[in-house]
Amino acid sequence: MSAETVNYLDPAVLAKLEGLQLRAARIVEGYVSGLHRSPYQGFSVEFAEHREYAPGDDLRYVDWKVFGKTDKVYLKQYEEETNLICYLLLDTSESMQYQSAAAPLSKLEYAQCAAAALAYLVVRQQDSAGLVTFDDAVRQFVRPSSSATHLSQMVQVMEQTDAVRKTRTGPIFHELAERFNRRGIVFILSDLFDDADEMLAGLKHFRHRRHDVVVLHVLDPAELDFPFQHATMFHGMEALGDLLVEPAQIRKAYQQEISRFTAQVRTGCLAHGADYVQMQTDTPLDVALSTYLSHRRRRVQ
């Protein structure tokens, strides 16, 4: 991958591009260059059993380990051999607008870029992607489709997002778990600043409905490092008040609390069978996406 292509995946460069559709196209252009096959191959299905090879079967599903041991050709059979359905859940609450001085993009902008890139990757291989934007309620629900015009519609919805409300992840996840009729992959892009127990209960509902869940935990680096040095007025988002503090006096307690919170979310996700990926808004998207998708691809094959 060339240095020029990698630059398009850097948040600082993405921030200079006009329009989410252009940003997403450049991300995908950079990410897929050099790939020999789709990063989603085998992503949507669960292995069930083997069956004997028949003429005309797709050789991609041959289990070569079994062939090496038995000299017989068997294919991996999956529970669901239909097209992938990918549901993208984008948190558009007010806290997602946060952007520290060191971050080229806000959490919302970073999550939008990641969601649009994932949608492009899914539609590129003729699978279906859908979009939900939410805060304390479901705001937009773009049903899954694989058409190019549908992709443009999702991007347009993301670009018109108005992030001014509080968030209620738990009830929203319960509602969506019931609304998603077909089993698929659910990507959640959020800072998850909500009651962790309620949020995790919602994730459990998705898993109960046999969805594959991936939590992309989007955070600004300042929210983890707390780099503030001088007396600072913190503006409370989502109906919280403003607070003037001396950072040195609360840094240790704050870092302990944010570490406790992220550890609780990570542990809860794993306990409920959901993948957890922490994404910092100063991290190039090729690193954030390819590291996870490559790991996931190796795991399901």
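List the lysines whose alpha-carbon lies under 17 Å from that of Lys252, not counting same-chain residues fewer than 8 positions away?
Leaving aside lysines fewer than 8 places away in the same chain, none come within reach of Lys252.
Within 10 Å, count the other beta carbons around each residue, average over each peptide in 211-217, 269-275, 87-93, and list them highest first. Write out the running numbers ahead of the final one.
Numbers: 211-217: 22.9, 269-275: 16.3, 87-93: 25.9.
Top of the packing list down: 87-93, 211-217, 269-275.
Treat the count of other C-beta atoms within 10 Å as a stand-in for reagent exposure and order Lys252, Lys107 from fewest to most.
Details: Lys252 10, Lys107 28.
If I rank by nearby Cβ atoms, fewest first, I get Lys252, Lys107.
Testing the spin-label approximation: label points 7 Å from Cα along Cα→Cβ at Asp197 and Lys65. State their distance in nm.
4.1
Compute and list, largest first, the equivalent-ellipsoid semi-axes of region 150-258 from the alpha carbon gyration tensor, each √(5λ) rounded to a whole angstrom. Present the calculation step by step, with values, prior to reporting the outcome.
Working: eigenvalues 213, 62, 33 Å².
Value: 33, 18, 13 Å, ordered largest first.
Starting from the amide H of His217, placed 1.01 Å from N in the peptide plane, find each other amide H under 5 Å away whose residue is 5 or more places distant or on another chain.
So His217 has HN proximity to Val277, Gln278, Met279.
Share of Cα-Cα pairs in region 96-151 beyond 13 Å, in percent?
Working: 1007 of 1540 pairs.
When every Cα pair of region 96-151 is considered, 65 percent fall beyond 13 Å.
A short reminder: the numbers here are calculations on the coordinates, not readings from a lab. This is a predicted model, so every value here is computed, not measured. Cβ: placed from backbone, ideal geometry, glycine included. Neighbour counts: every protein chain shown.
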